[in-house]
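Here's the structure, in structure tokens; my notes come after.
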Amino acid sequence: MKTRDFTEWLSTFRQSINGYGYYTDFKKVYENAERLKIEINILNSLIGAQDIENAFENIVEKYPECIKAIPILLAVRENEIYCQDENGAVNYRFDRKAQTAEQYKYFMRNTGLFDMLQNHVICNLYDYVTGVEVGLGSNGRKNRGGHQMEDLVESYLKKSHVEYYKEMYLTEIEEKWDIDLSAISAEGTSTKRWDFVVKTPLCIYVIETNFYTSSGSKLNETARSYKMIAEESKNIKGFNFVWITDGGGWTSARRNLEETFNVLDDIYNIADMENGVLECLFK
């Protein structure tokens, strides 16, 4: 195998892994806005209303279901909103008409919603809610980001046309292919779960994937742990440990990563996958 230079390899690490769908899940945005479309359009009639409080009261009396759309106007997903001032505290319900029209008017007045609607700050509530949903959807970036490396690795596994499995426990591997992995399971006391398992006619490859954008103790722990697995698994016939990692966070933890790099032949990054390393590995 060609000797690789660690510093050169580390220099190809990416600062970000964000894909095109990471920033906003528009499908979910449109679904959430559409769910309240009828109620939102009823409230649309309040935009620019001269006597907005009476207009609102009439709407609530005739179409009480429209109150379900009020929380999202404040970028709130819950059906209950707690408010208090010098006049006391109220837990407003919006899944059903639990307060009087006068109380809902008080809420609309004091949260600033009447002012926004009456003074034409917006022209269309459906467009406004779509924008609110985009903003709220940004909170989901952490969840979307958590699976990006796994998704990327899986796309290259598919490209390699190999037999692979997702999230497979060590004991499942032992049972499925009748292989003894006690050397890396602390004699059967550890129940490690691998991100991916690839089965070829000659070998079982277990794969761990991660991407670190920032530094921290987690990186050092991960590098030490995988170094141990690399050393313990070397004598298991027909078994290979593969680690695919990347991210700018490794810059500050390079010493531990380099130690693992020196003992683990199959440690790769995104650039390696782009250069076809998995296709070569699983031939």
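The numbers here are math on the coordinates, done by the rules we state, and not lab data. Computed from a prediction, not measured in an experiment: that's the story for all the values here. Note that each Cβ is placed from the backbone with ideal geometry, even for glycine, and that neighbours are counted across all protein chains shown.
Can you classify the stretch 186-283 as rounded, prolate or oblate using the Cα gyration tensor, where a ≥ b ≥ c are the square roots of its eigenvalues, rounded means a/c under 1.5, and otherwise it's prolate if a/b beats b/c and oblate if not?
Note, shape of the stretch 186-283 comes out oblate.
Kindly write out, for the stretch 232-243 in residue order, the coupling ³J(HN,Hα) from the Karplus curve 6.51 cos²θ - 1.76 cosθ + 1.60 (θ = phi - 60°), rounded to whole Hz, with x marking Gly and Pro.
6, 8, 4, 9, 8, 5, x, 9, 9, 9, 10, 10
Mind giving me the FRET efficiency for Glu102 and Gln50? R0 is 25 Å, r the Cβ-Cβ distance, nearest 0.05 is fine.
Once the sixth-power term is evaluated, E becomes 0.80.
Can you give the direction-averaged projected area of the convex hull of the alpha-carbon atoms in the stretch 36-139, in nm²?
Directional mean of the projected Cα hull area for the stretch 36-139 stands at 6.4 nm².
Holding the Cα-Cα limit at 23 Å, pick out from Lys158/Lys199; Lys28/Lys159; Lys27/Lys105; Lys176/Lys227; Lys28/Lys97; Lys27/Lys158 the pairs that are longer than that.
Result: Lys28/Lys159; Lys27/Lys105; Lys176/Lys227; Lys28/Lys97; Lys27/Lys158 exceed 23 Å.
Using a basic spin-label model with each label point 7 Å from the Cα along Cα→Cβ, how many nm lie between Tyr165 and Asn87?
Going by the 7 Å Cα→Cβ label model, 6.4 nm.
If the chain between Ser252 and Tyr22 were fully stretched, how many nm would it gain, using 0.36 nm times the residue separation less the Cα-Cα distance?
This chain segment gains 80.2 nm when fully extended.
For the chain, what is the mean residue ellipticity at 222 nm derived from helices alone (per DSSP H run of n ≥ 4: -39500 (n - 2.57); sum divided by total residues; nearest 500 deg cm²/dmol)?
The helix-only estimate for the chain comes to -13000 deg cm²/dmol at 222 nm.
Of all the Cα-Cα pairs you can form in the chain, what percent are over 22 Å apart?
68 percent
Would you mind computing, in nm to one decimal, how far apart the modelled labels at Thr200 and His120 are, each placed 7 Å from Cα along Cα→Cβ?
Spacing of the two 7 Å Cα→Cβ label points: 7.0 nm.
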